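Structure first, commentary second.
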Amino acid sequence: MKLLIIEDEPKIARALKTGFAQEHATTELCYDGASGLAAAESDDYDVIVLDRMLPEMDGMEVCHKLRSRDITTPIIMLTAKGRTEDKIDGLNTGADDYLVKPFSFDELLARIHALMRRPKPAISDILTVSNLTLDTRSFAVKRADKSITLSSTEFALLEYLMRRNGQTLSKETILQQVWDYDSDVLPNTVEAYIGYLRKKIDKPFKEPALIHTVRGFGYKMSVSS
């Protein structure tokens with residue numbers, strides 16, 4: 001179980017992390033809405049535990065932005081606001097569940113397990129960015145109806161970039177998501193494979209590039225730079 005906890009009260013955040021560790025769950029902590037949003041966009045989690053009142057960006061806005069960007073990770077919103085109207089607002093913004101502070105850890109854990117039992121949304125087999133398509137079942141890649149041959153690692157990297165179209169991804173995040181944890185790779189491995197992909201999906205075509213370097217941050221796939 002992999003969880004993202006977005007909570008600005010350090011005591012609560014650390015207590016949750018300790019509790020989930022005892023359940024053999026992997027957790028990441030963020031203490032403000034902006035960093036929580038960035039984490040939720042750059043990695044995959046089973047459930048997001050999201051406080052409503054946060055610095056930088058409140059939980060309602062974080063939830064709204066995630067849903068508007070088609071990120072469907074289940075969200076449990078935590079708040080001291082227990083009015084029915086507050087609960088309705090949170091659920092209508094895109095939260096899957098709503099838990100009022102103070103709460104018991106056992107109840108939170110039970111609600112997380114309930115969310116994880118829900119069927120996950122179907123993921124399309126065909127990914128498309130501009131005139132580039134990738135079929136995850138047949139492993140076929142085409143741009144402008146021209147077939148492109150990729151190695152297994154190039155294919156995995158391209159799929160990851162296309163599924164996060166428009167998002168800036170750091171080298172470290174790409175390494176964690178595309179390469180196995182026991183692989184002997186370094187950050188410049190990402191640079192090398194980005195170069196391989198560019199030679200195959202961008203340079204042969206007289207069209208705008210789809211893979212972009214975001215200097216100081218990483219890479220992103222986008223129709224525009």
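Of the residues Glu9, Glu23, Glu61, Glu28, the single one that is closer than 19 Å to Ala114 by Cβ and of a type in the set (Asp, Glu) is Glu23. Ala156 meets the conditions (1) part of a helix (DSSP H, G or I); (2) modelled with pLDDT of 85 or more; (3) crowded, with 17+ Cβ neighbours inside 10 Å; (4) not aromatic (Phe, Trp, Tyr) in every case but one. The failed one is (3). Please list, ordered by first then second residue, the pairs with beta carbon atoms under 6 Å, 6 or more apart or interchain, first in the stretch 19-38 and in contact (Cβ under 8 Å) with a residue 12 or more places away in the chain, second among the polar types (S, T, N, Q). That search, which allows pairs on different chains as well, returns Phe20/Thr27. On the stretch given as the stretch 34-56, residues that are in a helix (DSSP H, G or I) and in contact with a strand residue (DSSP E or B) (Cβ under 7 Å, 6 or more places away or on another chain) total 4. If the condition is being surrounded by fewer than 15 Cβ atoms within 10 Å (Cβ to Cβ) and closer than 22 Å to Gly166 by Cα, then the stretch 70-103 contributes Asp70, Thr72. Looking only at the stretch 57-90, residues that are among the hydrophobic types (A, V, I, L, M, F, W, C) and not in a strand (DSSP E or B) come to 8 in all.
For the stretch 148-172: of the residues being of a type in the set (Ser, Thr, Tyr) and touching a strand residue (DSSP E or B) at 6+ places or on another chain (Cβ under 7 Å), which is farthest from Phe205 (Cα to Cα)?
Going through the qualifying residues, I end up with Ser170.
Taking residues in the stretch 124-153 that are over 19 Å from Lys199 (Cβ atoms), and partners anywhere that are of a type in the set (A, V, I, L, M, F, W, C), the pairs with Cβ atoms closer than 6 Å and at least 6 places apart or on different chains are Leu127/Leu134; Leu127/Met162; Asp135/Ile126. If Lys11 satisfies all but one of (1) surrounded by fewer than 15 Cβ atoms within 10 Å (Cβ to Cβ); (2) over 20 Å from Thr173 (Cβ atoms); (3) touching a residue at least 12 places away in the same chain (Cβ under 8 Å); (4) not β-branched (Val, Ile, Thr), what's the number of the condition it fails? For Lys11, the failing item is (3).
The values are calculated or read from the model by the stated rules, or taken from the named source; none is laboratory data. As the structure is a prediction and not an experimental result, all values here were calculated from the model. Cβ sites come from the backbone with ideal geometry, for glycine too, and all protein chains shown count toward neighbours.
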